[in-house]
Amino acid sequence: MLFLLSLVLLNPWVRGDGVGYYAFVRAPLIDHSLDFEHDYISANTSFREARLDEHGQPKQIFRTRTGHLENHFTVGPAMLWAPFLLLAHGGVLLARALGSQVAADGFSAPYRLAMAFGTAFWGFLGLLLAFRLARQYAGDLWAFLATLAIWWASSLPVYMYFNPSWSHAHSAFAVSLFVFYWHQTREQRTLRQWFVLALIAGLMLNVYYANVMLLLILVVEAFREYAAAFRRGDGSGAAVSQLLAKHLLFAAVTLLCLLPTFVTRYIVYGNPFESGYASMQDWAWRSPYFLAVLFSSEHGLFSWTPLLLFAAAGLVLFKWREPRVGTPLLAGALAFYLFMACYPDWAGISSFGNRFFISLTPLFILGLSVLLARLAVLFRSQRAAVAAVSVVLAAFMLWNAAFMFQWGEHLIPPRGPISWSEMIRNQFSVVPRQLAAHLQNYLFHRHDLMRQIEDRDIDQMKKKSEP
């Protein structure tokens, strides 16, 4: 019910990074190629201004050595959108055969609505899987409240509803599916289950490259299994061989599942291993942004979405309570954090909070669930615990909603550091006055509102670029 009610917030627009992600499903479906020229030309104004010349054609600088337009974004979201876009395309072709004038170009409303619904669908399925995992350790009640809180007090809503053409909601789903299936099969994983887990891992990496760090979950698990096999003494050679065979199968199938990425990289860049992103040599390996990633006013994870600090604390608590499960999960989360701390664009440029960490949504839900269940024992009754926790979580969600409104309306800069004093003043003075009117515009005059937001974004970028 909550998911169905939330669909009113769907914002079917393709903007910014989303142009690149969406092009990987639109161009093959409509143009039957990976020629992204139509996507560049039909993109939002700020995207076009940087990439088109005075004649409205893509600049030559954005051509790769294969003659294709540069597109470094991942192909995984297009794979997940494909079923929805195929249905939309079939519906549009049928409507046109019956006399409709709707354009069958991949840009018209049916296609964008299908894309936006697909994003919300996969995002919600990721939440559902995370809830099913968390309930096994914290119970239905605390898992439900934690899921609801992370859903609306993190960066996820921006990329599940407002910017659905970006990859982050898909990444939350793929990681949830990976963690859930890993957990369900961890005791005695058969060859078939290793094969399925590899398929899921391949999807997870096709969706978002940084998710490779979460494979450390399997590394920690494997280290424990190999150590146990060697300790058993006689027969350990056979056990080690079996483990090695399973792990080699996993690696081979995962690499095979990355063919969509390798093939598209080869077509676009002429090299299957070219990511299109900054060279790894340019990363901040010697001076990572350890604190800035978490606490900076420029999209710090905990400073912008503070509930995640408690979720992270709960994940540490879970590690001590359930070390066999918690240790691999915590190791995966820490590896992801270290990876992002070294990334040159760690702040996410135009980002609400640190959007990269949306991938860890299932781990945050598990951690918060465990923490809430632990705190509940401090109350005299469960009713009192639920009442107190609900009030606190509602406050986090309302704070986040007001913050998202400020970011979306450009009351604070969408790029770069923000003024905390200005942000807090807006939360209590500006947002309450403007929210109702702008929510009405969002629901009933969305096209005009999006154009106004785009115009403000362009104005702020021009002012920032002025000497």
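Given the condition at pLDDT 95 or above, in a helix (DSSP H, G or I) and charged (D, E, K, R), answer yes or no: does some residue in segment 369-380 qualify?
Within segment 369-380, one or more residues are at pLDDT 95 or above, in a helix (DSSP H, G or I) and charged (D, E, K, R).
Which residues, taken from segment 122-134, are buried (at least 19 other Cβ atoms within 10 Å of the Cβ) and farther than 19 Å from LEU7 by Cβ?
Initially, segment 122-134 is screened for residues buried (at least 19 other Cβ atoms within 10 Å of the Cβ), giving 122-124, 126-127, 129-131, 133-134.
Scanning segment 122-134 gives LEU129, ALA130, LEU133, ALA134.
Among the listed residues GLN188, GLN184, which satisfies the condition of being modelled with pLDDT of 95 or more and within 18 Å of VAL325 (Cβ to Cβ)?
Values: GLN188 fails: modelled with pLDDT of 95 or more.
Matching residue, one of GLN188, GLN184: GLN184.
Tell me which residues, restricted to segment 192-238, are aromatic (Phe, Trp, Tyr) and open to solvent by less than 30 Å² (accessible area, probe 1.4 Å). Spell out the reasoning first.
Quick first cut of segment 192-238, residues aromatic (Phe, Trp, Tyr) only: 194-195, 208-209, 223, 226, 230.
TRP194, TYR208, listed by residue number.
When you look at GLN184, is it surrounded by fewer than 22 Cβ atoms within 10 Å (Cβ to Cβ) and within 28 Å of ALA388 (Cα to Cα), yes or no?
Values: surrounded by fewer than 22 Cβ atoms within 10 Å (Cβ to Cβ): yes; within 28 Å of ALA388 (Cα to Cα): no.
Here the answer is no, as GLN184 does not meet what is asked.
Out of curiosity, is VAL389 in contact (Cβ under 8 Å) with a residue 12 or more places away in the chain, touching a helix residue (DSSP H, G or I) at 6+ places or on another chain (Cβ under 7 Å), surrounded by 14 or more Cβ atoms within 10 Å (Cβ to Cβ) and among the β-branched types (Val, Ile, Thr)? Show your work before the answer.
Details: in contact (Cβ under 8 Å) with a residue 12 or more places away in the chain: yes; touching a helix residue (DSSP H, G or I) at 6+ places or on another chain (Cβ under 7 Å): yes; surrounded by 14 or more Cβ atoms within 10 Å (Cβ to Cβ): yes; among the β-branched types (Val, Ile, Thr): yes.
For VAL389, the condition - in contact (Cβ under 8 Å) with a residue 12 or more places away in the chain, touching a helix residue (DSSP H, G or I) at 6+ places or on another chain (Cβ under 7 Å), surrounded by 14 or more Cβ atoms within 10 Å (Cβ to Cβ) and among the β-branched types (Val, Ile, Thr) - is met.
Tell me which helices (runs of 4 or more DSSP H) are completely within segment 160-271 and hold 3 or more residues being closer than 30 Å to ASN11 by Cβ, or say none if there are none.
Details: elements: 168-184, 191-207, 216-231, 236-257, 259-269.
Passing ranges, in order: 168-184, 191-207, 259-269.
Can you run down the residue pairs with Cβ atoms below 7 Å, 6 or more apart or on separate chains, where the first is in segment 422-439 and of a type in the set (Val, Ile, Thr) and the partner is surrounded by 11 or more Cβ atoms within 10 Å (Cβ to Cβ)?
Taking only residues 6 or more apart or on different chains, the pairs are VAL430/LEU411; VAL431/ALA402; VAL431/PHE405; VAL431/GLN406.
Suppose we filter segment 278-314 for residues that are assigned to a helix (DSSP H, G or I) and within 23 Å of PRO414 (Cα to Cα); how many remain? Can you show your working first?
Our first condition is that a residue be assigned to a helix (DSSP H, G or I); within segment 278-314, this holds for 280-282, 290-295, 301-304, 307-314.
Okay, now just the ones that are also within 23 Å of PRO414 (Cα to Cα), so 290-295, 301-304, 307-309.
Adding up the residues that qualify gives 13.
Pairs, please: C-beta under 8 Å, at least 6 apart or cross-chain, first residue more than 21 Å from MET79 (Cα to Cα) and in segment 245-274, second surrounded by fewer than 14 Cβ atoms within 10 Å (Cβ to Cβ)?
So the pair list comes out as LYS246/LEU191; LEU249/LEU191; GLY270/ARG65; GLY270/THR66.
Only residues that are assigned to a helix (DSSP H, G or I) and of a type outside the set (A, V, I, L, M, F, W, C): list them for segment 150-159, please.
Let us first name the residues in segment 150-159 that are assigned to a helix (DSSP H, G or I), namely 150-152, 156-159.
Matches in segment 150-159: PRO157, TYR159.
Would you point out which residue out of TYR159, TYR137 is open to solvent by 10 Å² or more (accessible area, probe 1.4 Å) and within 23 Å of LEU309 (Cβ to Cβ)? Step through it out loud before you land on a result.
Details: TYR159 fails: open to solvent by 10 Å² or more (accessible area, probe 1.4 Å).
Going through TYR159, TYR137 in turn, just one is open to solvent by 10 Å² or more (accessible area, probe 1.4 Å) and within 23 Å of LEU309 (Cβ to Cβ): TYR137.
Taking segment 34-71, which residues are of a type in the set (Gly, Ala, Ser) and touching a helix residue (DSSP H, G or I) at 6+ places or on another chain (Cβ under 6 Å)?
Step one: filter segment 34-71 for residues of a type in the set (Gly, Ala, Ser), giving 42-43, 46, 50, 56, 67.
Answer for segment 34-71, where residues must be of a type in the set (Gly, Ala, Ser) and touching a helix residue (DSSP H, G or I) at 6+ places or on another chain (Cβ under 6 Å): ALA43, SER46.
The values are calculated or read from the model by the stated rules, or taken from the named source; none is laboratory data. Keep in mind that this is a model prediction, so the values were computed, not measured. No Cβ is skipped: glycine too gets one built from the backbone with ideal geometry, and neighbour counts run over all protein chains shown. Just the protein is used for accessible areas: all its heavy atoms, side chains included, with ligands, DNA and RNA removed. Shrake-Rupley method; radii C 1.70, N 1.55, O 1.52, S 1.80 Å.
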